[in-house]
1. Taking into account only those residues within segment 1-10 that are touching a residue at least 40 places away in the same chain (Cβ under 8 Å) and not hydrophobic (A, V, I, L, M, F, W, C), which is surrounded by the fewest Cβ atoms within 10 Å (Cβ to Cβ)?
2. Going through segment 87-96 one residue at a time, which ones are in contact with a strand residue (DSSP E or B) (Cβ under 8 Å, 6 or more places away or on another chain) and open to solvent by 40 Å² or more (accessible area, probe 1.4 Å)?
3. Quick one: which residue in G2, G15, G20 is modelled with pLDDT under 95 and outside any helix (DSSP H, G or I)?
4. Within the set of pairs 6+ apart or on separate chains, which have a first residue in segment 11-31 that is among the hydrophobic types (A, V, I, L, M, F, W, C), a second that is part of a helix (DSSP H, G or I) and open to solvent by 30 Å² or more (accessible area, probe 1.4 Å), and C-beta atoms under 8 Å apart?
5. Please state which of the following conditions V71 fails to meet, knowing it meets all the rest: (1) surrounded by fewer than 16 Cβ atoms within 10 Å (Cβ to Cβ); (2) under 23 Å from E17 (Cβ atoms).
6. Please work out if A61 is of a type in the set (A, V, I, L, M), closer than 15 Å to T27 by Cβ and touching a Phe, Trp or Tyr at 6+ places or on another chain (Cβ under 6 Å).
7. Could you please find all residues in segment 17-31 being open to solvent by less than 10 Å² (accessible area, probe 1.4 Å) and touching a strand residue (DSSP E or B) at 6+ places or on another chain (Cβ under 7 Å)?
Amino acid sequence: MGLKSDAVFAKIQAGLESQGAEVVKKTNAIFAFKIKEGKNWVLDLKNGSGSLKEGEGKADATITISDEDFVAMADGKLNGMQAFMGGKLKISGNMMLAQKLGSVLESVGK
């Protein structure tokens, strides 16, 4: 069964194809996403025009979140900082980079 977040990751992929190089310049980081319902993704915004692949990999910051909360965050319905403070979002690695994620999701998720 597909997860709701699959659609968000598809939008991110499409955004990378159209404006990846620009986002890479602004971000310069690799993010790993662990969706609690079972999928992992690696978003490379450090190399080339960026890339997104399903699976695990080395990252500067790893975000662990539920499928529903990730979709709400991508839709702007859930604030990342509130999710973190409320325990809905866990970050390991460079927390400062995770703060860039909101603007990344906004720019590539349109």
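1. K4
2. Across segment 87-96, the qualifying residues are K88, K90, S92, G93, N94, M95.
3. Working: G15 fails: outside any helix (DSSP H, G or I); G20 fails: outside any helix (DSSP H, G or I).
Just one listed residue meets the conditions, G2.
4. Between residues of segment 11-31 that are among the hydrophobic types (A, V, I, L, M, F, W, C) and residues that are part of a helix (DSSP H, G or I) and open to solvent by 30 Å² or more (accessible area, probe 1.4 Å), the close pairs are V23/S107.
5. In the conditions (1) surrounded by fewer than 16 Cβ atoms within 10 Å (Cβ to Cβ); (2) under 23 Å from E17 (Cβ atoms), V71 misses (1) alone.
6. Yes: the conditions hold for A61.
7. V23, T27, A29, F31, listed by residue number.
Each row is one residue, and each column tells you yes or no for (1) of a type in the set (A, V, I, L, M); (2) at pLDDT below 95; (3) surrounded by fewer than 19 Cβ atoms within 10 Å (Cβ to Cβ); (4) within 10 Å of the chain's Cα centre (by Cα).
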position	(1), (2), (3), (4)
E54	no, no, yes, no
K58	no, no, yes, no
T62	no, no, no, yes
D75	no, yes, yes, no
Q82	no, yes, yes, no
M85	yes, yes, yes, no
A98	yes, yes, no, yes
S107	no, yes, yes, no
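The values are calculated or read from the model by the stated rules, or taken from the named source; none is laboratory data. No experiment lies behind these values; they were computed from the predicted model shown. Reconstructed Cβ throughout: ideal geometry from the backbone, glycine too, with neighbour counts over all protein chains shown. To get the accessible areas, we keep the full protein, side chains included, count just its heavy atoms, and leave off ligands, DNA and RNA. Shrake-Rupley method; radii C 1.70, N 1.55, O 1.52, S 1.80 Å.
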